[in-house]
Amino acid sequence: MRKWFILFSIMFITTSIIGQVSDYELGSRNIGLQQRQGGYFDYSDPNSLNIKVSVWGFVRYPGRYVIPSQTSLTDFLSYAGGPGDDAHLDDLRIYRMLDDSTQTLIKFNINDIWWEDSLKVNNRFVPKLTAGDMIVVPGSPRFYFKDWFSIALSLLSAVVSLTILIKNW
């Protein structure tokens, strides 16, 4: 009985250390024990025309940005901290408001821009940022080894607990 208790205690401690899940809202990042909301970032140049653009989704610092009008899309994504590990870079989207108050959606693959030296494409579309653009970087969470290990350890500890409970009942 004592061996089971020690084994259960070790599994419980290991699960509680490894199995912690981070649950952050869109636009927040962890700084120590605090959460700081993504928000308004000013990279404006006082000697040039500046535009307001926003980026949302799987980037490190989502929010609204004030940037110089000649900023390229790759520079802008660098300002936002770059795409996350689980971002879908082949499906980036720009939502743009046109002059006649209609919205348009521009989809593109950022890999075409980043790897343009090795591509042999004549018609390459590189969107230029305009004022009021909203860039969405879609993605989906990925499970890594530590996540699968945590899930497996949680299930194993539940099975061991039930076994002990049934055996002692």
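Every residue in the range 52-70 that is touching a Leu at 6+ places or on another chain (Cβ under 6 Å) and modelled with pLDDT of 90 or more, please. Hit for the range 52-70 is VAL53, nothing else.
Return the only residue of PHE76, PHE12, PHE41, PHE8 being aromatic (Phe, Trp, Tyr), surrounded by 12 or more Cβ atoms within 10 Å (Cβ to Cβ) and modelled with pLDDT of 90 or more.
When all the criteria are applied, what remains is PHE76.
Among residues of the range 143-166 that are under 23 Å from ALA87 (Cβ atoms), those with a beta-carbon under 9 Å from a residue that is charged (D, E, K, R) at least six positions away or on a different chain give the pairs TYR144/ASP85.
For the range 72-106, enumerate the residues that are of a type outside the set (Asp, Glu), in a loop (DSSP other than H, G, I, E, B) and in contact (Cβ under 8 Å) with a residue 24 or more places away in the chain. The answer is SER72, ALA80, GLY84, HIS88. Condition test on SER150, is it farther than 26 Å from GLY57 by Cβ, at pLDDT 80 or above, part of a helix (DSSP H, G or I) and touching a Ser or Thr at 6+ places or on another chain (Cβ under 8 Å)? No.
The residues of the range 87-124 that are touching a Ser or Thr at 6+ places or on another chain (Cβ under 9 Å) and either modelled with pLDDT under 85 or loosely packed, with under 10 Cβ neighbours inside 10 Å (or both), listed by number, are LEU98, ILE110, ILE113, TRP114. Among the conditions (1) at pLDDT 90 or above; (2) in contact with a strand residue (DSSP E or B) (Cβ under 6 Å, 6 or more places away or on another chain), PRO127 misses just one, which is (1).
Filtered by the rule that a residue be out of contact with any Phe, Trp or Tyr (no Cβ under 9 Å at 6 or more places or on another chain) and surrounded by 12 or more Cβ atoms within 10 Å (Cβ to Cβ), the range 133-151 gives ASP147, PHE149, SER150.
The values are calculated or read from the model by the stated rules, or taken from the named source; none is laboratory data. Note that this is a predicted model, so its numbers are computed, not measured. Backbone-built Cβ (ideal geometry, glycine too); neighbour counts: all protein chains shown.
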